[in-house]
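Presented below is the structure to which this report refers.
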Amino acid sequence: MRIGEVATASGVNVQTLRFYERCGLLRKPARSKSGYRSYPIETVQIIYFIKQSQELGYTLQEIKQLLSLREKPDGNSLQVRALAQSKLSEIERKINQLQQMHNELTQILNSCECGEVTIRCPSLDSLNHKAI
């Protein structure tokens, strides 16, 4: 498949494919005599794998590890599980951080006595003293 065909079939643009190639997520494709990239048909599945992994929050470096594990015929479950557990822990930390931010902003809004009046807002001063 030519690069444009892979891009269309996988729903990404040509620059994304070239970027994935430079990052090592995709193997360098064979070239035709005229210099066109010639990708194997399974490249579309790899792109789907990359995009789905990104949706789950994996970084490109982590996806590179997952792709490497994907190629192993067996014995990869513990490594995949460890990566997934690490990602889940990271997401839980982010959720906690967002919850703290939510609570702080809620507290600021609840303590606001300004309403619709255009005065200097005391909430701005409170931001000088609180760490999120």
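None of the figures in this text is laboratory data; all of them are computed from the coordinates on show. Every value quoted in this text rests on a predicted model; they were computed, and no experiment measured them. Counting neighbours? That spans all protein chains shown, and the Cβs are built from the backbone with ideal geometry, glycine included.
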Based solely on its DSSP helices, what 222 nm [θ] is calculated for the chain when runs of n ≥ 4 H residues each add -39,500 (n - 2.57) and the sum is averaged over all residues, nearest 500 deg cm²/dmol?
-20000 deg cm²/dmol
Out of (i) 47, 21, 11; (ii) 47, 33, 10; (iii) 44, 14, 10, which label holds the value of semi-axes √(5λ) of the Cα gyration tensor in Å that was computed here?
(i)
Let me know the number of lysine pairs in the chain closer than 24 Å at the Cα, not counting same-chain pairs under 8 apart.
12
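Net charge near Leu83, counting Lys/Arg +1 and Asp/Glu -1 over other residues with Cβ under 13 Å of its Cβ? Provide the component values of the computation, followed by the final result.
Details: positive: Lys64, Arg70, Arg81, Lys87; negative: Glu62, Glu90.
Result for the local shell: +2.
Please state the relative contact order of the chain as a whole percent: Cα pairs under 8 Å, 6+ residues apart?
On the way: 69 pairs, mean separation 21.7, N = 132.
The value is 16 percent.
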From Cα pairs below 8 angstrom and at least 6 apart in sequence, can you work out the relative contact order of segment 1-57, rounded to a whole percent?
39
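By how many nm would the segment from Val80 to Leu56 grow when fully extended, if each residue of separation counts as 0.36 nm and the alpha-carbon distance is taken off?
Numbers: separation 24, 0.36 × 24 = 8.64 nm, distance 1.35 nm.
Full extension of this stretch gives 7.3 nm more.
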For the Ser68, Asn103 Cβ pair and Förster radius 41 Å, calculated FRET efficiency rounded to 0.05 is 0.50
Starting with the fewest neighbours, write out Asp125, Asp74 ranked by other beta-carbon atoms found within 10 Å of each beta-carbon.
Asp74, Asp125
Give the order of Arg18, Arg120 when sorted by the count of other beta carbons within 10 angstrom, beginning with the fewest.
Arg120, Arg18
